[in-house]
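Beneath this line is the structure, given in structure tokens, with notes to follow.
Bear in mind these aren't lab numbers, they're just calculated from the coordinates by the rules spelled out. Everything quoted here is computed from the prediction, not taken from an experiment. Positions of Cβ are generated from backbone atoms using ideal geometry, with glycine treated the same way; all protein chains shown enter the neighbour counts.
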Amino acid sequence: MIKLEPRVERSKSWSYLSPVLAILLTLITGYVVFALLGHDPLNALYTLLVAPIADWYGVTELLVMTTPILLCAYGLALCYKASVWNIGAEGQLLIGGVCASAVAVNFVDSTSAFALPLTLLAGIAGGMLWAGLAAFMKLRLNTNEILVTIMLNYIAVNVLLWAVHGPLKDPHGYNFPESALFGDSTLLPVIFDGTRLHLGLAFALLALCATWVFISKTFVGFQIQVLGLDASAAKMAGYKRAFLIAGVLVISGGLAGLAGAGEVAGPIGQLVPQISPGYGYAAIIVAFLGRLHPLGITLAGLLMGLIYMGGEMAQINIGLPNAIIGIFQGLMLFYLLSCDVLIGYRIKLSLPFKQQKTQLTPIAQES
Amino acid sequence: MDLEVITNILYATIRTGTPLLLVALGEMVCEKSGTLNLGQEGMMLLGAVAGFITMYQCDNLLIGFSVAALVGIMASLVFAFVALNLNASQVAAGLALTIFGTGLSAFLGADYEGKTINALPTLAIAGFEHIPVLGKALFSQDAIVYLSWALVLGAYLFFKHHRAGLAVRAIGENPGVGNNLGLPVMRTRYLAVMFGGALAGIAGAYLSLAYTPLWTQNMTSGRGWIALALVVFASWRIERVMLGAYLFGFASIMHLVAQAFGLAVDSNLLAMLPYGATLIVLIMLSKNKQKLKMYEPMWLGKPWHKGH
């Protein structure tokens, strides 16, 4: 029988090893599943995880893919540090994209230097507003933030669809549900010629540093951590719960909104119905896999971006539906949660003959 | 507006509300045992795809729904193991189940998109279906609708009048006390989670075998999440979940209602209605903190392990 024995102290090493173990288990499962499906498992894993970044262009594409995931995940990690279950990065990203597009379509022929900053600010404001709604409903109306943010995600999808079919539809676009192509003045400049890698990456790096300093070096960041660990302790210390919760939600909404703006003003270049293949949901897994630490999140985000790219590649090269992306994501989270048991518990294998031995010493059994 | 329109709206309201009723009932039973399973959406999708594939291959509705229920149970067992045995956060484990179920169902169903099957037929109760207005809505539905009513009645009686129902509620309020009373906490929670899984599976299959009847990726479109809100709406009381489910069913068919009244509202805006309604309902129900706390199972979502 396998028994769980609580540890006296939470194991620090296992909190770092658990994500690695989870990734390994996911890979092993992938290997077995590919083999069962009749694919060459090594080739499939190679297509999924190595082939996408085999060349320089692939590496830049990975960074393009990872940028929105990271922006969302840094913000989500702040929320989760405060024990605020924000599941709404996806909706905040979509609204950010819509708001940015609403500004950008007015600058199609302009050369104004304000066009791009205004577009990005609109995206950030949109995301903040969407998350702010959730904060208002949680703090003032006492609703559960999980359900509220999920519902806001679904509403955001419909806002996006409404926008591309209605007010933001390109009048010269042959009735396609797309906005006009953005002008150069509202597009994020490309960092390396010949790639799609754009300035959004710099924002992601900035967010990495900012959230890191914020959570580990500022007093407000400390308050957020205390609130997340023990709400009553935070109350005793006189920290302002509403301010902190609204703060983390609005910051994470702003980052997700920036991610959305970066997508429409970056690799896509216009508003389309499909601006995100679920980056906001992937970011939840990334935040957990990265142990809510900005550096860990960066690594986990790169892995998640790789899975997205590999999924697309596997669909083209070996004809696997790209839904395997979702399977891998779900599996990874399940494995992570399962491995996390090792942080708080020691696994004890008690064999039948050993049990007899313990029967002789009932006191030892009690402890 | 003539009577036929009202009849049809009532009929469609019940049909649309039925999958919501099933999932919400399952989740409520699960929550009464103190377990919060946010994986409803994933289990519904798995049930929908499993039911559809089975139906396509065997052309037997009973087997189709049974397989869907079984797949729902299997999915719920994964959640139960991670959340109850390994003490993981129930919120995170439920989310994982939803993400996993969404991916797996899309993967399994990729070859079945656009295929057609023989949909679940309606089962008119002779003599009653001709009652004006109510006849079609109440007595000319399909077997799953009647099943959902039977389940609601059964669950109501179980929790109100049966000792075991009381035991489930006691465990949801305080598993430690339940354990001291000699109640099988783990087994009860497992059974409650499995019941939720079975109903979510059937509800998903209802969408792909009766309501649409087609398989498309993500076809549940948030119904699993709305069901979670419905449980709050119903304040964990069985009889109220039925009212809630049909109210939401009505909100989801607003486009039909708008058509009947000759209103031209953007379809994408109308599509927001069920989600918007969910928010409004959550706000109305959550305003009174004390009242909500009173109805909510006290141990909801908190881990518990023997010997703590």
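Points to keep in mind about this one:
- Electrostatic dipole magnitude of the protein assembly as shown [Cβ: Lys, Arg +1; Asp, Glu -1; Cα centre; debye, to 20]: 2980
- Note on B:A119 and B:W149: the extension gain reaches 8.8 nm, defined as 0.36 nm multiplied by sequence separation minus the Cα-Cα distance.
- Kirkwood Rh (inverse of mean 1/r, distinct Cα pairs), segment B:129-268, angstrom: 17.8
- Volume per residue for chain A equals 171 cubic angstrom (convex hull of Cα atoms).
- Rel. contact order, % - alpha carbon contacts under 8 angstrom, at least six apart, chain B: 37
- Among B:W299, B:W225, B:W215, a tally of other beta-carbon atoms within 10 Å of each Cβ gives an order, fewest to most, of B:W299, B:W225, B:W215.
- Helical runs (DSSP H, four residues minimum) scored at -39500 (n - 2.57) apiece and divided by the length of chain A put the mean residue ellipticity at 222 nm at -22500 deg cm²/dmol.
- Coil-residue trypsin sites (Lys or Arg not before Pro) of segment A:100-192, DSSP, other Cβ within 10 Å capped at 12: A:R140
- Residue order, fewest to most beta carbons within 10 Å, for B:F100, A:F114, A:F34: A:F114, A:F34, B:F100
- Among A:Y80, A:Y57, A:Y279: highest mean-square fluctuation, GNM of chain A, C-alpha pairs under 10 Å: A:Y57
- Length added when fully stretched, A:L295-A:T111, from 0.36 nm per residue minus Cα-Cα: 62.5 nm
- Cross-link partners of B:K115 among aspartates and glutamates (Cα-Cα below 16 Å; sequence separation of 8 or more within a chain): B:D59
- Partners for A:K240 among lysines (Cα-Cα distance below 29 Å; same-chain residues under 8 apart left out): A:K81, A:K138, A:K217, B:K287, B:K289, B:K291, B:K293, B:K302
- Rg of the Cα atoms in segment B:131-199, relative to 2.2 N^0.38 Å, amounts to 1.52.
- Added length on full extension, which subtracts the Cα-Cα distance from 0.36 nm per residue, A:L205 to A:A233: 6.8 nm
- Distance from the Cα centroid of segment A:123-152 to that of segment A:194-216 is 24 Å (rounded to whole angstrom).
- Partner aspartates and glutamates whose Cα lies under 13 Å from the Cα of A:K348, excluding those fewer than 8 positions away in the same chain, are identified as A:E5.
- Between A:N317 and A:V20, the FRET efficiency from the beta-carbon distance, with R0 = 35 Å, is close to 0.80.
- Mean Kyte hydropathy of -1.0 or more with a Cα span along the axis of at least 24 Å, helices from DSSP in chain A: A:12-36, A:56-81, A:115-139, A:145-165, A:200-217, A:241-263, A:294-318
- Averaging Cα coordinates gives a centre for segment B:1-80 and one for segment A:288-306; these two points are 35 Å apart.
- Diffusion coefficient (Stokes-Einstein, Kirkwood radius over C-alpha pairs, 10 °C, 1.306 mPa s) for the protein assembly as shown: 60 µm²/s, rounded to a whole number.
- Under conditions of 37 °C and 0.692 mPa s, chain B yields 166 µm² s⁻¹ as its translational diffusion coefficient, taking Rh as the Kirkwood radius over Cα pairs in the Stokes-Einstein equation.
- Euclidean distance of C-alpha centroids, segment A:30-106 and segment A:221-248, integer Å: 30
- Ascending count of other beta-carbon atoms within 10 Å, so fewest first, for B:C58, A:C79: B:C58, A:C79
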